[in-house]
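Each remark here refers to the structure printed beneath this line.
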Amino acid sequence: MTSSASSPAASSFPHGFLWGTSTASYQIEGAVGADGRGPSIWDTFSHRPGATHNGDTGDVACDHYNRLDTDLELLSELGAGSYRFSVAWPRVQPTGKGPANPAGLDFYKRLVDGLHQRDILPALTLYHWDLPQPLEDAGGWTVRDTAERFADYAAVVADALGESVGLWITLNEPWCSAWQGYGSGSHAPGRRDIGAAVAANHHLLLAHGLGVDVLRTSVPGAQVGVSLNVAPIRAATDHPDDVRAARLVDGNQNRLFTEPVFRGRYPEDMLEHYASHSPGFSVVADGDLEVISRPIDFLGVNFYFPQVVAAAARRREASGAGFGIPVAYNHVAEDLGVVGVFHPEADRTAMDWEIDPAGLVELLVGLHREYGPVPMYITENGAAFSDYVGPDGAVHDRDRIAYLDGHLSALRESIAAGVDLRGYFVWSLMDNFEWAHGYHKRFGLTWIDYPTGTRLPKDSFFWYRQVVTTNAVPPLLGAGPGEGAGGDEPPR
Ligand code: IFM
């Protein structure tokens, strides 16, 4: 992917394009026992031996709960027009139901007020994976009641924050909640049951639809959407079995969400594939799909990397076709009979995710053609790299700048192709708790020194500040031939 074009006009974005950064409650807040917050499934899961890298938990995280003012100043310094954060359900309703906990709500009121004082538009995600533990004990997302409790919770937050929220996002990446939480077990609550994952998938979508209804009633004029981690799915070869594998993964990763939300139906191939898993789709009740497909104002797209897959039985041939070691071979993939593969020579992030901004164009244009016109925001995009604080006391994360630069070029290309793209949020404002990977994967524009909690803006922070204040991508300084994407090596 080439870097930004040299003329300023060619590198600029439409007037009013919304720039922002994203975070999520459990990944940054810490203070898990403060002011009446109840336990969530991530408190339980992260404390389970072996569940996370290094036994890391979100107990303290970035201590954002206690450093709200510092972080609001950080956002001011960045100058982006919006900030996307999530509300921790167990802070607002410690047991997942019943009356609101005023202290919990107060934290988010202070956050939203602080954003407005700085002219930053709050983009609020209602659910970014921290389900109150008592709801999980009662069946979690595999039972319908959880979707109904979510609607009550949405009403509490809507009544408290109402008009002051610019963008409402019901759920973040329900695929992860359903398939990593209940299918492969790599995320909280750590269950490994395909039938349960299908049921969770449905109840999460139902929660989304019920949440849309609540927001329409409680906050007239609310802008409501959902953030999906959709991705282009490519077959490793054109062998029919690999092509079929790619179609199945596309069904599981993408169409299980986009078809019900935009068309009020589940894809036939998915209904068929999961037919023998219990309870699976048997939990779908009359009228549910109508609720799930309530019109939304925008689609939130979280993009990191395109996936390349092969039929599990053909993993050797796929390797022969230039693809290397299978990745993401877990219970969900096993059930689908597929393996993920990657090209050994591709550039990858510290997560081992391939860097391919062209995949973002493919994704956005594909969504636009299939379901559009639909306004879209990139609600997450970013990368983890092996950052370090150099001897000069700064973090020179050139590889992250090159990653972002490539993806911003992809946005301009998508807009030129007719995609109704309204804004872009970098994941993430700051390094944080990267779920099962703990703290050693750093996605932030800001370095967090975990022992002290000190915030240190990285070079990418200042680069992004230039983007958001000029509404254009600056030329990549010092990126001569062969430079710009590799990043610096840590000192030995
Ligand atoms: O950190 C996560 C985030 O919580 C959800 N989307 C992907 C990010 C990077 O893995």
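The values are calculated or read from the model by the stated rules, or taken from the named source; none is laboratory data. Fair warning: this is a prediction, and the values are worked out from it, not measured in the lab. Neighbour counts are summed over all protein chains in view; Cβ atoms, including those assigned to glycine, are modelled from backbone coordinates with ideal geometry. Protein only, heavy atoms only, side chains kept; ligands, DNA and RNA dropped before computing areas. Shrake-Rupley method; radii C 1.70, N 1.55, O 1.52, S 1.80 Å.
Worth a mention:
- Members of region 433-477 found to be within 16 Å of the ligand (Cβ to nearest atom) and either part of a helix (DSSP H, G or I) or aliphatic (A, V, I, L, M) (or both), listed by number: 435, 436, 437, 445, 448, 460
- Pair list, Cβ < 6 Å and 6+ apart or interchain, from region 217-243 residues that are more than 12 Å from residue 158 (Cα to Cα) to residues that are modelled with pLDDT of 95 or more and among the aromatic types (Phe, Trp, Tyr): 225/298; 228/257; 229/175
- Taking residues in region 118-131 that are under 16 Å from residue 155 (Cβ atoms) and part of a loop (DSSP other than H, G, I, E, B), and partners anywhere that are open to solvent by 10 Å² or more (accessible area, probe 1.4 Å) and away from the ligand (no atom under 12 Å from the Cβ), not one pair has Cβ atoms closer than 7 Å while being at least 6 places apart or on different chains.
- Look at region 91-108: where a residue is under 11 Å from residue 36 (Cβ atoms) and a partner is in a loop (DSSP other than H, G, I, E, B) and of a type in the set (A, V, I, L, M, F, W, C), sitting 6+ places away or on another chain with Cβ atoms under 8 Å, you get 92/100; 93/100; 104/88.
- Residue pairs whose Cβ atoms lie under 8 Å apart, sitting 6 or more positions apart in sequence or on different chains, and linking a residue in region 381-408 that is closer than 15 Å to residue 456 by Cβ and open to solvent by less than 10 Å² (accessible area, probe 1.4 Å) to a partner that is among the hydrophobic types (A, V, I, L, M, F, W, C) and at pLDDT 95 or above, are 395/389; 395/447; 395/456; 397/385; 400/383; 400/385; 400/445.
- Pairing residues of region 170-189 that are in contact (Cβ under 8 Å) with a residue 24 or more places away in the chain with residues that are assigned to a loop (DSSP other than H, G, I, E, B) and open to solvent by less than 10 Å² (accessible area, probe 1.4 Å), at Cβ distances under 7 Å and at least 6 apart in sequence or on separate chains, gives 172/24; 172/128; 181/188.
- Filter pass, residue 143 being within 23 Å of residue 31 (Cβ to Cβ) and in contact (Cβ under 8 Å) with a residue 12 or more places away in the chain: no
- Residue in region 324-347 that is at pLDDT 90 or above and either within 12 Å of residue 237 (Cα to Cα) or within 16 Å of the ligand (Cβ to nearest atom) (or both) present: no
- Within region 197-210, one or more residues are open to solvent by 10 Å² or more (accessible area, probe 1.4 Å) and away from the ligand (no atom under 16 Å from the Cβ).
Yes or no, residue by residue, for (1) of a type outside the set (D, E, K, R); (2) modelled with pLDDT of 95 or more; (3) crowded, with 21+ Cβ neighbours inside 10 Å:
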position: 1; (1), (2), (3): yes, no, no
position: 8; (1), (2), (3): yes, no, no
position: 16; (1), (2), (3): yes, yes, no
position: 39; (1), (2), (3): yes, yes, no
position: 49; (1), (2), (3): yes, yes, no
position: 61; (1), (2), (3): yes, yes, yes
position: 73; (1), (2), (3): no, yes, no
position: 82; (1), (2), (3): yes, yes, yes
position: 86; (1), (2), (3): yes, yes, yes
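- Residue satisfying condition, being β-branched (Val, Ile, Thr) and either open to solvent by 10 Å² or more (accessible area, probe 1.4 Å) or more than 25 Å from residue 448 (Cα to Cα) (or both), within set 44, 21: 44
- Just one of (1) surrounded by fewer than 16 Cβ atoms within 10 Å (Cβ to Cβ); (2) touching a His at 6+ places or on another chain (Cβ under 8 Å); (3) closer than 21 Å to residue 303 by Cβ; (4) not basic (Lys, Arg) fails for residue 416. It is (2).
- Check on residue 151, touching a Gly at 6+ places or on another chain (Cβ under 9 Å), open to solvent by 10 Å² or more (accessible area, probe 1.4 Å) and away from the ligand (no atom under 16 Å from the Cβ): yes
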